[in-house]
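Here, each number is a calculation from the coordinates, and none is a lab measurement. What you are looking at is a predicted structure, and each value in this text was computed from that prediction instead of being measured. With ideal geometry, Cβ positions are generated from the backbone for all residues, glycine too; neighbour counts draw on all protein chains shown.
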Amino acid sequence: MPPSYFPLRWESTGDQWWYASPIDLAAANGHYDLVRELLHFDTNLLIKLTSLRRIRRLETVWDDDEQFADVAKNRSKVARKLLLAGEPNNGNGHGHNSLIRAGYGGWLLYTAASAGDVGFVKELLKRDPLLVFGEGEYGVTDILYAAARSKNCEVFQVLLDFTIWSKGDEIGSVFKWEMMNRAVHGAARGGSLEILKRLVEDCGDVVMYRDLQGCTLLHSACGRGQTEVVKYLIESYDLIGLTDTQGNTALHIAAYNGHLRVVELLVSSSPSLIALTNSYGDTFLHTTVAGFRTPGFRRVDQQIELMKHIVSGKIVNVDDIINVKNNDGRTALHVAVIENIHSDLVELLMTVRSIDLNIKDIDQMTPLISLDNGRYQPHLRS
């Protein structure tokens, strides 16, 4: 039974609001007839329904909440009915399906994988094995990530097998390695501890698994707030002090993405991370502030909650890092003021008793001078 209350709007970073649409809500509750009626009124709604960007946002605000556990399954049921409705011969599976032919095969497979619907996944791969590599905005990395989110080992293994062996005997060692690398990172980001353990159990050194940004598996798990996976990786492998290509530790990544529980876990496991800076001289406090200005969707309530815990001293001694300057000579307060970030954040930083308001950056600007020059305009709320 679906929950009686679905939140339909959320405050994002940058003092912006994001809203779910009626077709999002209908699909999340499994109301196929309603979804179909909405599409009859406006066929452009199919673009919203199948947008990877929108689905990722909805996963953050609905799917990741335990009370909305059936949302992914409901979307999958709606997607399969839409697939069958597009059959030219009364849904008997013969001929070219209009939905797949129109380029929505990647969305269908992502939706099926997210729900852990092994039957639907196999049905789609039987129609077109190459769908495993995605279509349109959906890529193979997205498909594997979706399967990991479902926590269904069979679904993940089916997709991984199709990924690796779809090219038959022509597969090379480089291609196989790349697919395995994407698979383990997908498992880490998706939060499936069981799948991740199966993938790395025969691996001599998990450090070799790095993505294009040089992120380790620990970075990937921290970026998505996957606490169980993070705990396992910390306890099992020596990854906690490693950095990506920009010098970010896992703590920088977790703080930037506003994952309080992961930040607490990292700090308690390795207190020395607190003092480490990245290639730009930023501490994890700088990246926490930077998380408020990300152009993508980010739940500002979670980011504020993390900052409250940092400032209160519950996680670290904030006096040790509040006045640390990066390579541009800027403290976390400089960054918050100059980038015109959320007013609540500036107010929180100002509550730290040891904060030095007279520190000058490379432009000889203090945070107060920036305020006086009008570079900071508090965001007003209705």
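For the pair residue 231 and residue 84 in one chain, pulling the backbone fully straight at 0.36 nm per residue adds 48.7 nm over the alpha carbon distance.
Note on residue 194/residue 343: beta-carbon distance plugged into 1/(1 + (r/R0)^6) with R0 of 51 Å gives a FRET efficiency of 0.75. For the pair residue 64 and residue 327, a Förster radius of 35 Å applied to the C-beta separation gives a FRET efficiency near 0.50, rounded to the nearest 0.05. Between residue 73 and residue 350, the distance separating the two model label sites (each 7 Å from Cα on the Cα→Cβ line) works out to 5.0 nm. Net charge dipole, the chain: roughly 660 debye, given to the nearest 20, about the Cα centre with Cβ charges of +1 for Lys and Arg and -1 for Asp and Glu. Setting aside same-chain residues fewer than 8 positions from residue 151, which aspartates and glutamates have a Cα under 17 Å from its Cα? Result set, ordered by chain and number: 59, 63, 64, 65, 66, 70, 117, 142, 161, 194, 228.
The peptide list 52-63, 135-146, put in order of mean Cβ contacts within 10 Å with the highest first, becomes 135-146, 52-63. With 31 Å as the limit on Cα-Cα distance, the pairs of 231/308; 122/176; 308/360; 48/325 that go past it are 48/325. Each of the peptides 218-224, 114-120, 205-211 was scored by the mean count of other Cβ atoms within 10 Å over its residues; in descending order, highest first, they stand as 218-224, 114-120, 205-211.
Sorting check: for 301-311, 354-364, which peptide has the highest mean count of neighbouring beta carbons within 10 Å, and how do the rest follow?
Ranked by mean Cβ neighbours within 10 Å, highest first: 301-311, 354-364.
Computed from Cα positions, the angle between helix 118-127 and the longest principal axis of the chain comes to roughly 70 degrees. Helix 32-41 and the long axis of the chain differ in direction by around 80°, with both axes built from C-alpha atoms. Compared with the dominant principal axis of the Cα atoms in the chain, helix 140-150 is inclined by about 90°.
Take the Cα of residue 312, step 7 Å toward its Cβ, do the same at residue 212, and the gap between the two points is 4.0 nm.
Whole-Hz Karplus values for the stretch 214-231 come out as x, 6, 7, 4, 5, 4, 4, 5, 5, x, 9, x, 8, 4, 4, 5, 4, 4 Hz, taken residue by residue from phi with 6.51 cos²θ - 1.76 cosθ + 1.60 and θ = phi - 60°; glycine and proline positions read x. Note: relative contact order over the chain, using C-alpha pairs below 8 Å and six or more positions apart, is 11 percent. Residues of the stretch 102-143 falling in the label zone of residue 178, defined by backbone nitrogen less than 18 Å from a point 7 Å along Cα to beta-carbon, are 130-143. Restricting the GluC sites (Glu not before Pro) of the stretch 186-252 to loop positions (DSSP other than H, G, I, E, B) with no more than 13 neighbouring Cβ atoms within 10 Å leaves 201. Against the set (1) -0.23; (2) -0.27; (3) -0.41, the structure's computed log10 I(q)/I(0) by the Debye sum over Cα atoms at q = 0.06 Å⁻¹ falls on (2). Between residue 272 and residue 123, the modelled label-to-label distance comes to 5.5 nm, taking each label 7 Å out from Cα in the direction of the beta carbon.
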